[in-house]
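> If you scroll down you'll find the structure; I have some questions about it.
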Amino acid sequence: MAEKPQAVRVLYCGICGLPAEYCEFGPDFEKCKPWLRRHAPDLYPDLLLKEENETDADKAARQLQSVAISGSGDGDSSSAPSGSASASKQDEVKRLPGGKIKKKEKQEVVIEKIVRNKRKCVTVVKGLELFGIKLSDASKKLGKKFATGASVVKGPTEKEQIDVQGDIAYDIVEFITETWPAVPETAIFFIEDGRKVAAA
Amino acid sequence: MFKKFSLEDISAQNQVKASVQRKIRQSIADEYPGLEPLLDDILPKKVPLIVTKCQNHLNLVVVNNVPLFFNIRDGPYMPTLRLLHQYPDIMKKFQVDRGAIKFVLSGANIMCPGLTSPGGALNEEVLEETPVAIMAEGKQHALAIGYTKLSAKDIKTINKGIGVDNMHYLNDGLWKMERLE
Ligand SMILES: [Zn+2]
(Lines give C-alpha, C1' and ligand atoms only; values in the text may rest on other atoms or scores of the structure.)
Protein backbone atom coordinates (compact mmCIF):
# COMPACT_ATOMS: atom_id res chain seq x y z
CA MET A 1 0.00 0.00 0.00
CA ALA A 2 1.21 3.45 -0.86
CA GLU A 3 2.45 5.78 1.80
CA LYS A 4 -0.12 8.02 3.39
CA PRO A 5 0.04 11.47 1.82
CA GLN A 6 0.03 14.43 4.17
CA ALA A 7 -2.92 16.76 3.87
CA VAL A 8 -1.96 20.01 2.19
CA ARG A 9 -2.77 23.05 4.24
CA VAL A 10 -4.28 25.65 1.99
CA LEU A 11 -4.27 29.28 2.98
CA TYR A 12 -7.89 30.37 2.67
CA CYS A 13 -8.65 34.06 2.70
CA GLY A 14 -10.12 35.26 5.97
CA ILE A 15 -12.43 37.60 4.08
CA CYS A 16 -13.79 35.87 0.97
CA GLY A 17 -12.91 32.27 1.92
CA LEU A 18 -11.25 31.40 -1.38
CA PRO A 19 -7.70 30.13 -1.50
CA ALA A 20 -5.81 33.38 -0.98
CA GLU A 21 -4.21 33.17 -4.41
CA TYR A 22 -7.69 33.44 -5.98
CA CYS A 23 -8.79 36.58 -4.12
CA GLU A 24 -7.92 38.61 -7.19
CA PHE A 25 -10.73 36.75 -8.97
CA GLY A 26 -13.04 36.75 -5.98
CA PRO A 27 -16.14 38.77 -5.26
CA ASP A 28 -14.36 41.76 -3.72
CA PHE A 29 -10.60 41.87 -4.02
CA GLU A 30 -10.45 45.36 -2.48
CA LYS A 31 -11.93 44.04 0.74
CA CYS A 32 -9.46 41.16 0.85
CA LYS A 33 -6.40 43.35 0.47
CA PRO A 34 -5.89 44.37 4.10
CA TRP A 35 -6.12 40.72 5.11
CA LEU A 36 -3.80 39.63 2.33
CA ARG A 37 -1.23 42.25 3.23
CA ARG A 38 -1.06 40.77 6.67
CA HIS A 39 -1.36 37.06 5.95
CA ALA A 40 -0.13 36.51 2.41
CA PRO A 41 2.10 39.40 1.40
CA ASP A 42 4.16 37.19 -0.88
CA LEU A 43 1.15 36.34 -3.07
CA TYR A 44 0.46 39.86 -4.28
CA PRO A 45 3.71 41.78 -4.02
CA ASP A 46 2.91 44.26 -6.78
CA LEU A 47 -0.53 45.23 -5.67
CA LEU A 48 0.44 45.55 -2.08
CA LEU A 49 3.40 47.68 -2.93
CA LYS A 50 1.20 49.92 -4.99
CA GLU A 51 -1.29 50.11 -2.18
CA GLU A 52 1.37 51.20 0.24
CA ASN A 53 2.42 53.98 -2.05
CA GLU A 54 -1.15 55.08 -2.27
CA THR A 55 -1.55 55.24 1.44
CA ASP A 56 1.70 57.15 1.64
CA ALA A 57 0.27 59.61 -0.80
CA ASP A 58 -2.88 59.75 1.29
CA LYS A 59 -0.88 60.49 4.36
CA ALA A 60 1.01 63.21 2.59
CA ALA A 61 -2.24 64.72 1.42
CA ARG A 62 -3.64 64.63 4.90
CA GLN A 63 -0.56 66.26 6.34
CA LEU A 64 -0.83 69.02 3.80
CA GLN A 65 -4.42 69.45 4.77
CA SER A 66 -3.74 69.73 8.45
CA VAL A 67 -1.04 72.24 7.74
CA ALA A 68 -3.58 74.20 5.83
CA ILE A 69 -5.92 74.12 8.79
CA SER A 70 -3.44 75.21 11.38
CA GLY A 71 -2.26 78.08 9.24
CA SER A 72 -5.80 78.94 8.33
CA GLY A 73 -5.41 82.61 7.72
CA ASP A 74 -7.45 82.62 4.52
CA GLY A 75 -6.52 84.08 1.18
CA ASP A 76 -5.06 80.92 -0.29
CA SER A 77 -8.34 79.03 -0.04
CA SER A 78 -8.25 78.59 -3.79
CA SER A 79 -5.49 76.05 -3.35
CA ALA A 80 -7.61 73.87 -1.08
CA PRO A 81 -8.68 70.55 -2.58
CA SER A 82 -12.05 70.93 -4.20
CA GLY A 83 -15.46 69.72 -3.14
CA SER A 84 -17.45 69.08 -0.02
CA ALA A 85 -15.66 65.84 0.69
CA SER A 86 -12.52 67.67 1.65
CA ALA A 87 -14.53 70.05 3.78
CA SER A 88 -16.00 67.22 5.79
CA LYS A 89 -12.58 65.74 6.16
CA GLN A 90 -11.37 68.95 7.70
CA ASP A 91 -14.35 68.85 9.99
CA GLU A 92 -13.39 65.47 11.24
CA VAL A 93 -9.85 66.49 11.84
CA LYS A 94 -10.98 69.47 13.85
CA ARG A 95 -13.42 67.50 15.94
CA LEU A 96 -10.76 65.24 17.35
CA PRO A 97 -9.84 65.97 20.94
CA GLY A 98 -6.58 67.83 21.29
CA GLY A 99 -3.37 66.47 19.93
CA LYS A 100 -4.89 63.36 18.46
CA ILE A 101 -4.58 64.59 14.93
CA LYS A 102 -1.35 62.81 14.27
CA LYS A 103 -3.03 59.55 15.20
CA LYS A 104 -4.65 59.08 11.83
CA GLU A 105 -7.32 56.81 13.24
CA LYS A 106 -10.73 58.42 13.16
CA GLN A 107 -12.73 58.04 16.31
CA GLU A 108 -15.74 56.11 15.15
CA VAL A 109 -17.56 52.85 15.61
CA VAL A 110 -18.10 50.76 12.51
CA ILE A 111 -20.72 48.04 12.39
CA GLU A 112 -20.80 45.43 9.68
CA LYS A 113 -23.07 42.46 9.15
CA ILE A 114 -21.28 39.51 7.65
CA VAL A 115 -23.35 36.68 6.25
CA ARG A 116 -21.92 33.22 6.62
CA ASN A 117 -23.53 30.23 4.93
CA LYS A 118 -26.57 32.18 3.81
CA ARG A 119 -28.57 31.85 6.98
CA LYS A 120 -26.02 32.53 9.65
CA CYS A 121 -24.60 35.93 10.14
CA VAL A 122 -22.30 37.82 12.42
CA THR A 123 -22.42 41.49 13.32
CA VAL A 124 -18.94 42.92 13.64
CA VAL A 125 -18.40 45.98 15.82
CA LYS A 126 -15.16 47.88 15.43
CA GLY A 127 -13.77 50.94 17.13
CA LEU A 128 -15.37 50.95 20.60
CA GLU A 129 -11.91 50.96 22.14
CA LEU A 130 -11.31 54.37 20.55
CA PHE A 131 -13.81 55.73 23.03
CA GLY A 132 -12.03 54.23 25.99
CA ILE A 133 -14.41 51.28 26.23
CA LYS A 134 -12.99 47.98 27.34
CA LEU A 135 -13.79 45.48 24.60
CA SER A 136 -14.13 42.48 26.89
CA ASP A 137 -16.74 44.36 28.94
CA ALA A 138 -18.51 45.56 25.84
CA SER A 139 -18.59 42.08 24.38
CA LYS A 140 -20.17 40.71 27.56
CA LYS A 141 -22.79 43.45 27.57
CA LEU A 142 -23.64 42.92 23.92
CA GLY A 143 -23.94 39.17 24.38
CA LYS A 144 -26.23 39.65 27.35
CA LYS A 145 -28.37 42.33 25.75
CA PHE A 146 -28.97 40.38 22.55
CA ALA A 147 -28.95 36.96 24.23
CA THR A 148 -26.35 35.64 21.88
CA GLY A 149 -22.68 34.84 21.60
CA ALA A 150 -20.28 37.74 21.47
CA SER A 151 -16.53 37.64 21.55
CA VAL A 152 -13.50 39.82 21.13
CA VAL A 153 -11.48 38.61 18.18
CA LYS A 154 -8.54 39.79 16.20
CA GLY A 155 -9.85 41.33 13.02
CA PRO A 156 -8.35 41.14 9.54
CA THR A 157 -5.90 43.85 10.50
CA GLU A 158 -4.15 43.57 13.83
CA LYS A 159 -6.99 45.42 15.53
CA GLU A 160 -9.41 43.75 17.87
CA GLN A 161 -13.12 43.77 17.18
CA ILE A 162 -16.25 42.28 18.66
CA ASP A 163 -18.12 39.60 16.77
CA VAL A 164 -21.75 39.21 17.79
CA GLN A 165 -23.63 36.19 16.48
CA GLY A 166 -26.76 37.06 14.57
CA ASP A 167 -28.09 40.11 12.78
CA ILE A 168 -28.48 42.79 15.40
CA ALA A 169 -27.23 45.66 13.31
CA TYR A 170 -30.38 47.72 13.59
CA ASP A 171 -30.88 47.51 17.33
CA ILE A 172 -27.29 48.03 18.16
CA VAL A 173 -26.99 51.79 17.65
CA GLU A 174 -29.46 52.63 20.36
CA PHE A 175 -27.84 50.16 22.68
CA ILE A 176 -24.39 51.62 22.12
CA THR A 177 -25.43 55.22 22.62
CA GLU A 178 -27.41 54.36 25.74
CA THR A 179 -24.78 52.15 27.29
CA TRP A 180 -21.79 54.31 26.45
CA PRO A 181 -22.84 57.96 26.24
CA ALA A 182 -19.28 58.79 25.22
CA VAL A 183 -20.12 57.44 21.78
CA PRO A 184 -22.22 59.94 19.84
CA GLU A 185 -24.63 58.57 17.30
CA THR A 186 -22.85 60.61 14.65
CA ALA A 187 -19.71 58.53 15.18
CA ILE A 188 -21.45 55.26 14.35
CA PHE A 189 -21.32 53.91 10.83
CA PHE A 190 -22.56 50.85 9.01
CA ILE A 191 -20.89 49.05 6.19
CA GLU A 192 -23.57 48.32 3.63
CA ASP A 193 -22.69 46.71 0.32
CA GLY A 194 -19.11 47.72 0.92
CA ARG A 195 -20.01 51.37 1.50
CA LYS A 196 -19.81 53.24 4.73
CA VAL A 197 -23.13 54.76 5.78
CA ALA A 198 -23.77 57.00 8.77
CA ALA A 199 -26.14 55.51 11.35
CA ALA A 200 -27.54 58.86 12.43
CA MET B 1 -24.47 22.40 -11.50
CA PHE B 2 -23.86 23.99 -8.13
CA LYS B 3 -24.16 27.53 -9.36
CA LYS B 4 -27.24 27.96 -7.26
CA PHE B 5 -27.23 25.33 -4.62
CA SER B 6 -28.26 25.48 -1.02
CA LEU B 7 -29.71 23.38 1.74
CA GLU B 8 -33.15 23.80 0.19
CA ASP B 9 -32.00 21.76 -2.79
CA ILE B 10 -31.46 18.70 -0.66
CA SER B 11 -34.54 16.57 -0.88
CA ALA B 12 -33.59 13.59 1.26
CA GLN B 13 -30.86 12.71 3.63
CA ASN B 14 -30.22 9.12 4.57
CA GLN B 15 -27.74 7.23 6.58
CA VAL B 16 -26.85 4.36 4.26
CA LYS B 17 -26.71 0.68 5.11
CA ALA B 18 -23.35 -0.88 5.84
CA SER B 19 -23.39 -2.71 2.52
CA VAL B 20 -24.01 0.48 0.57
CA GLN B 21 -21.36 2.25 2.60
CA ARG B 22 -18.88 -0.46 1.59
CA LYS B 23 -19.85 -0.12 -2.03
CA ILE B 24 -19.36 3.64 -2.00
CA ARG B 25 -15.98 3.29 -0.32
CA GLN B 26 -14.97 0.73 -2.89
CA SER B 27 -15.94 2.80 -5.89
CA ILE B 28 -14.16 5.83 -4.46
CA ALA B 29 -11.07 3.71 -3.86
CA ASP B 30 -11.25 2.38 -7.43
CA GLU B 31 -11.63 5.84 -8.92
CA TYR B 32 -8.89 7.42 -6.78
CA PRO B 33 -6.22 4.83 -5.94
CA GLY B 34 -4.12 7.55 -4.34
CA LEU B 35 -6.82 7.99 -1.75
CA GLU B 36 -6.78 4.41 -0.56
CA PRO B 37 -4.32 4.86 2.30
CA LEU B 38 -6.45 7.76 3.49
CA LEU B 39 -9.86 6.19 3.25
CA ASP B 40 -10.00 5.24 6.89
CA ASP B 41 -9.33 8.85 7.82
CA ILE B 42 -11.66 10.43 5.33
CA LEU B 43 -14.49 7.92 5.48
CA PRO B 44 -14.02 6.28 8.89
CA LYS B 45 -15.81 2.96 9.01
CA LYS B 46 -17.39 3.71 12.35
CA VAL B 47 -18.82 7.07 11.39
CA PRO B 48 -22.14 6.85 9.59
CA LEU B 49 -22.06 7.80 5.95
CA ILE B 50 -24.88 10.06 4.89
CA VAL B 51 -25.99 10.24 1.30
CA THR B 52 -28.12 13.25 0.49
CA LYS B 53 -30.22 13.22 -2.62
CA CYS B 54 -30.56 16.51 -4.41
CA GLN B 55 -32.22 17.73 -7.55
CA ASN B 56 -31.02 16.61 -10.96
CA HIS B 57 -30.04 13.14 -9.72
CA LEU B 58 -27.21 14.58 -7.72
CA ASN B 59 -25.96 12.80 -4.62
CA LEU B 60 -23.67 14.12 -1.93
CA VAL B 61 -21.63 11.86 0.31
CA VAL B 62 -21.47 13.49 3.72
CA VAL B 63 -19.47 12.54 6.80
CA ASN B 64 -19.81 14.43 10.07
CA ASN B 65 -21.86 17.03 8.22
CA VAL B 66 -19.06 17.73 5.76
CA PRO B 67 -19.76 17.05 2.07
CA LEU B 68 -16.81 15.08 0.70
CA PHE B 69 -17.90 13.59 -2.61
CA PHE B 70 -20.67 14.01 -5.14
CA ASN B 71 -21.90 12.08 -8.12
CA ILE B 72 -24.72 12.05 -10.62
CA ARG B 73 -26.96 9.02 -10.92
CA ASP B 74 -24.47 6.14 -10.80
CA GLY B 75 -21.63 8.17 -12.22
CA PRO B 76 -18.16 8.33 -10.71
CA TYR B 77 -17.71 10.00 -7.35
CA MET B 78 -15.87 13.29 -7.43
CA PRO B 79 -14.28 14.98 -4.44
CA THR B 80 -15.37 18.40 -3.27
CA LEU B 81 -12.79 21.11 -3.88
CA ARG B 82 -12.11 21.45 -0.18
CA LEU B 83 -11.19 17.78 -0.03
CA LEU B 84 -9.17 17.94 -3.24
CA HIS B 85 -7.23 20.92 -1.89
CA GLN B 86 -6.05 18.73 0.94
CA TYR B 87 -5.09 15.83 -1.30
CA PRO B 88 -4.36 17.39 -4.68
CA ASP B 89 -2.65 14.36 -6.14
CA ILE B 90 -5.63 12.04 -6.04
CA MET B 91 -6.96 13.37 -9.37
CA LYS B 92 -5.47 13.77 -12.79
CA LYS B 93 -4.98 17.40 -13.65
CA PHE B 94 -5.72 19.79 -16.48
CA GLN B 95 -4.64 23.39 -16.40
CA VAL B 96 -6.40 26.41 -17.88
CA ASP B 97 -4.60 29.58 -18.87
CA ARG B 98 -4.96 32.68 -16.76
CA GLY B 99 -7.47 34.22 -19.13
CA ALA B 100 -9.90 31.36 -18.52
CA ILE B 101 -9.92 31.65 -14.74
CA LYS B 102 -12.68 34.19 -14.44
CA PHE B 103 -14.92 32.24 -16.81
CA VAL B 104 -14.40 29.00 -14.93
CA LEU B 105 -15.17 30.81 -11.68
CA SER B 106 -18.43 32.08 -13.11
CA GLY B 107 -19.45 28.51 -13.86
CA ALA B 108 -18.65 28.27 -17.56
CA ASN B 109 -17.60 24.95 -19.01
CA ILE B 110 -13.99 24.66 -20.01
CA MET B 111 -13.25 25.38 -23.66
CA CYS B 112 -10.49 23.52 -25.46
CA PRO B 113 -8.42 26.60 -26.36
CA GLY B 114 -8.08 27.51 -22.68
CA LEU B 115 -6.37 24.17 -22.15
CA THR B 116 -4.22 24.09 -25.29
CA SER B 117 -2.88 27.66 -25.17
CA PRO B 118 0.65 28.23 -23.78
CA GLY B 119 -0.76 28.79 -20.27
CA GLY B 120 -2.80 25.60 -20.34
CA ALA B 121 -1.76 21.99 -19.83
CA LEU B 122 -3.26 18.56 -20.42
CA ASN B 123 -2.57 15.20 -18.89
CA GLU B 124 -2.41 13.11 -22.05
CA GLU B 125 -3.62 9.95 -20.39
CA VAL B 126 -7.05 11.35 -19.62
CA LEU B 127 -9.92 9.84 -21.60
CA GLU B 128 -13.40 11.21 -22.14
CA GLU B 129 -15.97 11.03 -19.33
CA THR B 130 -13.33 11.21 -16.64
CA PRO B 131 -13.20 13.40 -13.53
CA VAL B 132 -10.26 15.82 -13.57
CA ALA B 133 -8.92 18.54 -11.32
CA ILE B 134 -8.88 21.92 -13.05
CA MET B 135 -5.78 23.86 -12.12
CA ALA B 136 -4.86 27.33 -13.37
CA GLU B 137 -1.81 29.00 -14.80
CA GLY B 138 0.25 30.55 -12.01
CA LYS B 139 -1.91 29.09 -9.24
CA GLN B 140 -1.11 26.31 -6.86
CA HIS B 141 -4.57 25.04 -6.01
CA ALA B 142 -7.43 23.67 -8.08
CA LEU B 143 -10.24 26.04 -8.99
CA ALA B 144 -12.73 23.50 -10.30
CA ILE B 145 -13.62 19.86 -10.67
CA GLY B 146 -14.31 18.89 -14.25
CA TYR B 147 -15.72 15.93 -16.14
CA THR B 148 -14.19 15.50 -19.57
CA LYS B 149 -16.36 15.57 -22.65
CA LEU B 150 -13.41 14.82 -24.87
CA SER B 151 -10.21 12.92 -24.26
CA ALA B 152 -7.04 14.95 -23.80
CA LYS B 153 -5.96 13.89 -27.29
CA ASP B 154 -9.21 15.08 -28.86
CA ILE B 155 -9.07 18.34 -26.96
CA LYS B 156 -5.69 18.91 -28.56
CA THR B 157 -6.67 17.99 -32.11
CA ILE B 158 -10.21 19.37 -32.21
CA ASN B 159 -9.25 22.44 -30.14
CA LYS B 160 -12.61 24.15 -30.18
CA GLY B 161 -15.81 24.04 -28.21
CA ILE B 162 -16.27 22.59 -24.75
CA GLY B 163 -13.61 20.11 -23.66
CA VAL B 164 -14.57 19.65 -20.05
CA ASP B 165 -17.82 20.16 -18.18
CA ASN B 166 -17.45 22.35 -15.13
CA MET B 167 -18.97 20.33 -12.29
CA HIS B 168 -17.96 22.28 -9.22
CA TYR B 169 -15.91 25.47 -8.84
CA LEU B 170 -14.65 27.86 -6.19
CA ASN B 171 -17.44 29.91 -4.64
CA ASP B 172 -20.31 27.92 -6.12
CA GLY B 173 -23.09 26.64 -3.90
CA LEU B 174 -21.29 23.46 -2.91
CA TRP B 175 -18.13 25.39 -2.06
CA LYS B 176 -20.15 27.67 0.21
CA MET B 177 -21.79 24.70 1.87
CA GLU B 178 -18.79 23.92 3.99
CA ARG B 179 -20.98 22.02 6.40
CA LEU B 180 -24.56 20.79 6.26
CA GLU B 181 -26.30 22.10 9.31
ZN1 LIG C 1 -10.12 36.98 -0.32
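> Show B:Asp41, A:Asp163 ordered by accessible area, largest first, where the area counts protein heavy atoms only and the probe is 1.4 Å.
B:Asp41, A:Asp163
> Which residues' amide hydrogens lie under 5 Å from the amide hydrogen of B:Lys92, considering only partners 5 or more residues apart or on another chain, with H built in the peptide plane?
Residues meeting the amide H criterion: B:Ala133.
> Sort B:17-24, B:134-141 by packing, meaning the average of other beta carbons within 10 Å per residue, with the highest value first.
Per-residue Cβ counts within 10 Å, averaged per peptide and sorted highest first, yield B:134-141, B:17-24.
> Where does the Debye-calculated log10 I(q)/I(0) of segment B:70-181 sit at q = 0.21 Å⁻¹, using only Cα point scatterers of equal weight, no solvent?
The computed values of log10 I(q)/I(0) come out as -1.12.
> Please calculate the 1.4 Å probe accessible area of A:Ser151, with all protein chains present, and give it to the nearest 10 Å².
Roughly 50 Å² of A:Ser151 is accessible to a 1.4 Å probe.
> Separate question: Past 23 Å, Cα to Cα: identify those pairs from B:Lys45/B:Lys176; A:Lys106/A:Lys159; B:Lys23/B:Lys45; A:Lys113/B:Lys102; B:Lys53/B:Lys160, in the order given.
From the list (B:Lys45/B:Lys176; A:Lys106/A:Lys159; B:Lys23/B:Lys45; A:Lys113/B:Lys102; B:Lys53/B:Lys160), the Cα-Cα distance tops 23 Å for B:Lys45/B:Lys176; A:Lys113/B:Lys102; B:Lys53/B:Lys160.
> Kirkwood hydrodynamic radius (Cα pairs, Å) of segment B:1-107?
For segment B:1-107, inverting the mean 1/r across all distinct Cα pairs yields 15.0 Å.
> Could you look at segment B:76-168 and say what percent of its accessible area is carbon and sulfur, using a 1.4 Å probe and all protein chains?
Looking at segment B:76-168 in its full context, I get 52 percent from C and S.
> With the other protein chains left in place, how much accessible area per residue, in square angstrom, belongs to chain B at a 1.4 angstrom probe?
Per-residue accessible area for chain B comes out at 48 Å².
> Also, quick follow-up: Check which residues have an amide H placed less than 5 Å from A:Leu18's amide H, if you skip close sequence neighbours.
Long-range HN contacts for A:Leu18: A:Cys13.
> Could you pull out every residue, at least 5 positions away or on a different chain, whose amide H is within less than 5 Å of the one on A:Ala199? Hs are placed 1.01 Å off N in the peptide plane, and Pro or chain starts have none.
A:Ile188, A:Phe189, A:Phe190
> Each residue of segment B:34-43 in order: what ³J(HN,Hα) in whole Hz does its phi give by Karplus 6.51 cos²θ - 1.76 cosθ + 1.60, θ = phi - 60°, with x for Gly and Pro?
Ordered by residue, 3J(HN,Hα) equals x, 8, 3, x, 9, 4, 5, 7, 7, 10 Hz.
> Using the C-alpha gyration tensor of segment B:114-166, what are the square roots of 5 times its eigenvalues, in whole angstrom, with the largest one first?
The equivalent ellipsoid of segment B:114-166 has semi-axes of 16, 13, 9 Å.
> A follow-up question, please. How tilted is helix B:18-31 with respect to the longest principal axis of chain B? Cα atoms for both, answer in degrees (0 to 90, nearest 10).
20 degrees
> Moving on. State, in square angstrom and to the nearest 100, the accessible area buried between chains B and A, both chains counted, probe radius 1.4 Å.
About 2100 Å² of accessible surface is lost on pairing.
> So what J values fall out for segment A:36-42 if you push phi through Karplus, 6.51 cos²θ - 1.76 cosθ + 1.60 with θ = phi - 60°, rounded to Hz, Gly and Pro as x?
5, 4, 7, 9, 9, x, 6
The values are calculated or read from the model by the stated rules, or taken from the named source; none is laboratory data. From a predicted model like this one, the values you see are computed outputs, not experimental measurements. Cβ: placed from backbone, ideal geometry, glycine included. Neighbour counts: every protein chain shown. Note: areas computed on protein heavy atoms with side chains; ligands, DNA, RNA excluded. Shrake-Rupley method; radii C 1.70, N 1.55, O 1.52, S 1.80 Å.
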